Amino acid sequence: MAESEEEVDVLVQRVVKDITNAFKRNPNIDEIGVIPCPEARCNRSPIVLVENKLGVESWCVKFLLPYVHNKLLLYRQRKHWLDREALVDITCTLLLLNPDFTTAWNVRKELLQCGVLNPEKDLYLGQLALTKFPKSPETWIHRRWVLQQILDQFLLSDHLTRTLHQEMRVCSDAACRYPSNYNAWSHRIWVLQHMAKGNGKVFHDELSSTRLWVSMHVSDHSGFHYRQFLLKELITEHYQTSASATINGSSQHWSSTLPSSGPHQHSCSQTNGELSGAEAANEDDRQLSFTTVLQLFQQEIELCSDLIQSFPGHETLWSHRRHVFYLLNQWRREHQCSSRGDNNSIHLNDCDPGMSEVSPQSYAGREESVNGQNHASEPMELDRVSLPNPHDSKRLKRGVLLPGTPTLTSEHSFVNSILDSCCNPEQRRFAVAYKKWLDTVTGLQS
């Protein structure tokens, strides 16, 4: 054990060098940790590298952390000079032990802007820090800054796709390591908003991939809040593409009604026929999109029902169900306002008196846009449920509601079945509260 200040300096410098050498020997380290060890047992390095795991014996942390901390502060105060390589090593060691030290991240920002560091290396360091400190807010903040630099540098490339998938894995790992990790889920939302805006396939994939996760973490509200965000984004995407298709259809209809005479009359009438076919195609796309949204709500309500029955007494599940049904009811009412005067509106009132008249005209077929490039969408599967079925649009044209679509009546039936069969007092309390909410809030809106 070191006793003098000189011995401490020698010890810490050796440990910092050992950490740097460990990353050089194994660039695939995927986890860090502190090994409980009150005292140095023998004259050997306190840095332990086993396979892809890096450990630091706890006895040296009380010497190592203050040393690198003071060195960096002296450098920022211009009282001590450090070259770029030393800065990289010291900030790396410091952030692995204390990732919430903002000054160290700021120094690495400067090094990155100078070209000393590349963004991938900084993302890798943050990923390692999150294995030990999965909720570290400064790490997530710095990570978003680095991602913004990557976005500015790589506007259209496969590099963004790889980075997007990597960020999803990092967020999932951090969410598993720390329950209700709000910082991790918020970062995941930010990544989708900035790196996958308008890419419906990514949002659908996320909705599908997080289904199993929330089923295994039924008390984690942050995970369910993330699914609520995905639903809202998907609905917004369908609404925007529907509005665009409606405008295009209207312009085509206007051009088809222009008067024509003389030798061009035959060609104009032929064009009119082509435009009628295009309008029919737009109508089919709108019906198909409407079916997609209804199936999204149906699947989410079914997931809530399964989890509530399988894991009674979890308020998070009831809160999520309430939010999903509120979104569904709000979406129906918005379509009622946007579809007034439309002869093809769907009357849901015949199936459920508590719901409003809804029109499929406000939603259109999906077209993915990845960083400004459009890609034709294809039906995909969400947990073995095909999305959507083209034949369902014909039933919508006839005014028939899709089987299993959540309604106010079906919600009351579900709550009554829970109250009749449950023995859990918490489950009963949440069910009663949800039933009151249906009567007082949703009932007033109908």
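Before moving on, here are some points about what is shown:
- Label point at F154 placed 7 Å out along Cα→Cβ; residues across region 2-39 whose backbone nitrogen lies under 19 Å: 28
- Coupling constants for region 20-26 follow from the phi torsions by the Karplus curve (6.51 cos²θ - 1.76 cosθ + 1.60, θ = phi - 60°), and in residue order they are 4, 5, 4, 5, 6, 5, 9 Hz; glycine and proline get x.
- Surface composition of region 1-139: carbon plus sulfur atoms hold 51% of the accessible area, using a 1.4 angstrom probe and ignoring ligands, DNA and RNA.
- Ranked packing of 169-177, 72-80, most packed first, by mean Cβ within 10 Å: 169-177, 72-80
- Take each peptide in 297-303, 220-226, count the other Cβ atoms within 10 Å of every residue, and average; sorted highest first, the result is 220-226, 297-303.
- Per-residue Karplus couplings for region 73-88, computed as 6.51 cos²θ - 1.76 cosθ + 1.60 with θ equal to phi - 60°, are listed in order as 5, 5, 5, 5, 8, 6, 9, 8, 9, 9, 6, 5, 5, 5, 4, 4 Hz, Gly and Pro entered as x.
- Intensity falloff of region 5-215 expressed as log10 I(q)/I(0), Debye formula with alpha-carbon point scatterers, at q = 0.15, 0.17 Å⁻¹: -1.00, -1.23
- Using a probe of 1.4 angstrom and keeping all protein chains present, the accessible surface of region 5-215 works out to 49 square angstrom per residue.
- By the rule of a C-alpha distance below 16 Å, with chain neighbours fewer than 8 residues away ignored, the lysines paired with K201 are K232.
- Built amide H within the under 5 Å cut-off of I35, gap 5+: V56, E57, S58
- 24 Å Cα-Cα threshold exceeded, pairs from K24/K121; K24/K53; K79/K109; K135/K435; K109/K135; K24/K109: K135/K435
The values are calculated or read from the model by the stated rules, or taken from the named source; none is laboratory data. Predicted, not measured: the structure shown is a model, and the values here were computed from it. When we count neighbours, we look across all protein chains shown, and the Cβ atoms used for this are built from the backbone with ideal geometry, even at glycine. For accessibility, only protein heavy atoms count, side chains too; no ligands or nucleic acids. Shrake-Rupley method; radii C 1.70, N 1.55, O 1.52, S 1.80 Å.
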